[in-house]
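See below for the structure under consideration.
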Amino acid sequence: MQNRAAATREYHLSDAQFDDIRRLVREHTGISLADSKRELVYSRLVRRLRRLSLGGFGDYLQLLERGESTELEEFTNAITTNLTSFFRENHHFEFLSGTVLPALEKRNAASRRLRIWSAGCSTGEEPYSIAIALQESMGRFRGWDVRILATDLDSQVVAHAAAGEYKPERFEKMPAARRERWFRESRPEHFVADESLKSLITFRQLNLMHAWPFRGPFDVIFCRNVVIYFDKETQRTLFDRMAEVQRDGDHLFIGHSESLFKVCERYQLIGKTIYRKVR
Ligand SMILES: C[S@@+](CC[C@H](N)C(=O)[O-])C[C@H]1O[C@@H](n2cnc3c(N)ncnc32)[C@H](O)[C@@H]1O
């Protein structure tokens, strides 16, 4: 029997259509959608159907299957979950500032080069937190070639990240002094990242499932709360590729509910969701 929500729905999403959508999501993003995500998928895509004045999910699927690139981009943007915050999982930033950066100051003393990748950067809070950690210990790296690469599949969040403008509520957990030091009011109820942070970061739209237009090496990779939606095989392939753009001793940070156990043996666990590349 249909539940009340389904009975009053604007469009019908059949089992076969949901499966087709799942297949397309997996093909284009690597994300594996569980049965439980059906309502979520409906609510996110129904906006696209309305915007395009389509008769139903069948019409929408036909459009996607034709490979219409603008709509494929809207489709993946609609499906991705972009939840993030400044200094999320703060122990990673403490470890970066307290352990990783001092070690890199010694290890990279000859090249005076530092490269960090925020893979799945969402609206930018993660790369800006990395940039703040770097600037706050920049005394160490004065005159060095320091770059943060920030990438995400979702073109809308990358545009937001590059603009670097946030509403006051995004800073609720950040000490006021830090916010005042690194952001300035750009217009009422909006704060924009300081040029000294922005100038460290290159923002790019990048699907982690596709070829990467760089070879690294990255001293540190943040890939947090991204693979949680990928199946184990996709995770294995991805971390194996990440190991290819890191040297032994480089660091990888993953999300609090993620693990490389039985996924990738090229990294050794050295802290809570903190890994070092070993082979
Ligand atoms: C939940 S957010 C995590 C943001 C940030 N790393 C953090 O931990 O706060 C996950 C991000 O991964 C991105 N993502 C999902 N699949 C991706 C893919 N195949 N390639 C690149 N980014 C992807 C999403 O667009 C989303 O912005």
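What to note about this one:
- Evaluated against (1) farther than 25 Å from T81 by Cβ; (2) surrounded by fewer than 18 Cβ atoms within 10 Å (Cβ to Cβ), D231 falls short on exactly one condition, (1).
- Filter result for T151 (in contact (Cβ under 8 Å) with a residue 24 or more places away in the chain, within 16 Å of the ligand (Cβ to nearest atom) and assigned to a loop (DSSP other than H, G, I, E, B)): no
- I132 in contact (Cβ under 8 Å) with a residue 40 or more places away in the chain, within 16 Å of the ligand (Cβ to nearest atom) and in a strand (DSSP E or B): no
- Residue match in segment 186-197 (condition: surrounded by 16 or more Cβ atoms within 10 Å (Cβ to Cβ), over 22 Å from the mean Cα position of the chain (by Cα) and either more than 16 Å from the ligand (Cβ to nearest atom) or at pLDDT 95 or above (or both)): no
Yes or no, residue by residue, for (1) out of contact with any helix residue (DSSP H, G or I) (no Cβ under 8 Å at 6 or more places or on another chain); (2) part of a loop (DSSP other than H, G, I, E, B); (3) at negative phi:
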position: Y11; (1), (2), (3): no, yes, yes
position: A16; (1), (2), (3): yes, no, yes
position: D19; (1), (2), (3): yes, no, yes
position: V25; (1), (2), (3): no, no, yes
position: L45; (1), (2), (3): no, no, yes
position: R50; (1), (2), (3): yes, no, yes
position: G58; (1), (2), (3): no, no, yes
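For (1) more than 19 Å from F253 (Cβ to Cβ); (2) at pLDDT 95 or above; (3) not acidic (D, E), each residue gets a yes or a no:
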site	(1), (2), (3)
R66	yes, no, yes
S69	yes, no, yes
T84	no, yes, yes
L101	no, yes, yes
I116	no, yes, yes
L134	no, yes, yes
S137	no, no, yes
T151	no, yes, yes
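- Looking across segment 113-127, just one residue is more than 9 Å from the ligand (Cβ to nearest atom) and either surrounded by fewer than 16 Cβ atoms within 10 Å (Cβ to Cβ) or of a type in the set (D, E) (or both), and that is R113.
- Matching residues in segment 194-238 - criterion: being within 23 Å of G249 (Cβ to Cβ) and basic (K, R): R215, R224, R236
- Subset of segment 235-279 (residues that are without any contact (Cβ under 8 Å) to a residue 40 or more places away in the chain, farther than 16 Å from V100 by Cβ and in contact with a helix residue (DSSP H, G or I) (Cβ under 7 Å, 6 or more places away or on another chain)): Q235, S257, E258, L260, V263, C264, R266
- Just one of the listed residues (A103, A159, A177, A110) is in a loop (DSSP other than H, G, I, E, B), surrounded by fewer than 18 Cβ atoms within 10 Å (Cβ to Cβ) and either in contact (Cβ under 8 Å) with a residue 60 or more places away in the chain or of a type in the set (G, A, S) (or both), namely A110.
- Residues of segment 206-234 that are more than 21 Å from H91 (Cβ to Cβ), touching a residue at least 60 places away in the same chain (Cβ under 8 Å) and more than 15 Å from the chain's Cα centre (by Cα): F214, G216, P217, D231, T234.
- One residue stands out in segment 62-88 among those that are under 18 Å from E39 (Cβ atoms) and more than 9 Å from the ligand (Cβ to nearest atom): the one that is surrounded by the fewest Cβ atoms within 10 Å (Cβ to Cβ), namely A78.
- Candidate set from segment 8-33 (those that are of a type outside the set (D, E, K, R) and more than 16 Å from the ligand (Cβ to nearest atom)); member that is surrounded by the most Cβ atoms within 10 Å (Cβ to Cβ): L13
Results for (1) within 16 Å of the ligand (Cβ to nearest atom); (2) of a type in the set (K, R); (3) outside any helix (DSSP H, G or I), shown as yes or no for each residue.
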{"site": "K173", "(1), (2), (3)": "yes, yes, yes"}
{"site": "W212", "(1), (2), (3)": "yes, no, yes"}
{"site": "R215", "(1), (2), (3)": "no, yes, yes"}
{"site": "F222", "(1), (2), (3)": "yes, no, yes"}
{"site": "E233", "(1), (2), (3)": "yes, no, no"}
{"site": "M242", "(1), (2), (3)": "yes, no, no"}
{"site": "Q246", "(1), (2), (3)": "no, no, yes"}
{"site": "E258", "(1), (2), (3)": "yes, no, yes"}
{"site": "K262", "(1), (2), (3)": "no, yes, yes"}
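The values are calculated or read from the model by the stated rules, or taken from the named source; none is laboratory data. Owing to the predicted nature of the structure, the values given are computational and were not obtained by experimental measurement. Don't worry about glycine lacking a Cβ; one is built from the backbone with ideal geometry, like all the others, and counts go over all protein chains shown.
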